[in-house]
Amino acid sequence: MSEAGATVPGGALDRGAAQIVSVGAYVPPRVMTNDELAQIVDTSDEWIYSHTGIKARHVAADDVAASDLAVEAARRALDDARINPGDVDLVLLATSTPDYPGLPATASIVQDRLGAERSGAMDLVAACSGFVYGLATASAFVDSGQAGTVLVVGAEVYSKIINWADRNTCVLFGDGAGAAVVCRGVGRGIRDSVLHSVGSGAASLYRPAGGSREPCGATTEPDRTKLHMDGRQVYGFAVQAIIDTVEELLSRNGLSIADVDHVVAHQANVRIIDAACRRAAYPQEKFFKNIREYANTSAASIPIALSEMQTRGLLCSGQLVVTVGFGSGLSYGGNLIEWI
């Protein structure tokens, strides 16, 4: 058990509030601009930027997997918190682009490479909502006394699963990883989380082949193993998911949007965030956006954003931060965090 807390009868830790004590991020050095992408498919920088807010994305090398990005982001978060990997009780890895299909968990690979010898490890599969789900899970473990230090990572290599001939999807995604160290502390931290799913929309954003429903075989069309998306349905769902999540967190905690310092929504498309702000009359300046450089990095987008905000000095002690994730499943949810 980690040194983050003393054990109590039954083997559990003293209970305390779950707090994010550090964040870290890593993206591949290779940058693909819209102009470069326009040489692959029939599109243009003007069209991509005007419809998505994206100017570029980072793309992993052929021999780089999700675990490679995750390890780098996790190390940065652990170093910033001055926590030894051996003191981590649990590694939670949110990814929809795992190193292997189904097993083993990519989290176990990350746990081993970090040297978190006494840690448990498991993957969370909630796509673009994965990091939000991870923070909620970490908070439950810490608040209940089952863990003192939890490492939550979002890592994705969507360049491996998108169809580079489909201009409707390939322009949207990028690769990257972000991580947060969640520890037991005194006072406020992760104050609340809400998690939801609309499973009836599962087929609007999915990979048809590769699972037990449609195993890959010699006759499987390559396109069936790539990402498929009903853009119109996902757009409508995402706009409402932002509003519903923010409103539920505010209502449950007796707050208004004026009480919130930052909203960090999943960076899927700037038009989704802007539409939610217009519909709900939210001040756009409260919504952090960095999709211009990174594109949609799925489960990694929120921790990458938090890490950038921390580096830029935008996150201050006592501020209220709302995170919002939404994506395949169709899953969505959010966290209310008091920054320490």
Original post:
Which helices, counted as full DSSP H runs in the chain, have an axial Cα extent of no less than 24 Å and a Kyte-Doolittle average of -0.5 or above?
Top reply: 231-252
**OP:** Could you tell me whether segment 117-156 comes out rounded, prolate or oblate from its Cα gyration tensor? Rule is a ≥ b ≥ c as square roots of the eigenvalues, rounded for a/c under 1.5, then prolate if a/b exceeds b/c, otherwise oblate.
**Re:** oblate
Original post:
Which FRET efficiency value, to the nearest 0.05, is calculated for residue 257 and residue 44 with the Förster distance at 41 angstrom and r the Cβ-Cβ distance?
Top reply: 0.70
Subject >> Rg ratio (alpha-carbon, reference 2.2 N^0.38 Å) - segment 23-78 >> reply: 1.40
**OP:** Determine one quarter of the surface area of the Cα convex hull of segment 191-338, which equals its mean projected area, and express it in nm² to one decimal.
**Re:** 10.0
**OP:** Would you calculate the separation in nanometres between label points at residue 61 and residue 80, each defined as 7 Å from the Cα along the Cα-to-beta-carbon direction?
**Re:** 2.5
**OP:** Work out the FRET efficiency for residue 198 and residue 113 from their Cβ-Cβ distance, taking R0 = 45 Å, and round it to the nearest 0.05.
**Re:** 0.80
Original post:
In what sequence, highest mean first, do 22-35, 256-269 appear when ranked by Cβ atoms within 10 angstrom?
Top reply: 256-269, 22-35
**OP:** May I ask you to list the lysines whose Cα is less than 19 Å away from that of residue 55, ignoring any residue fewer than eight positions away on the same chain?
**Re:** 289
Original post:
Mean 1/r over all different Cα pairs, inverted: what Kirkwood radius does the chain give, in Å?
Top reply: 20.0
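Coordinate-derived values only; no laboratory data. Since the structure is predicted, the reported quantities are computational estimates derived from the model, not experimental observations. Backbone-built Cβ (ideal geometry, glycine too); neighbour counts: all protein chains shown.
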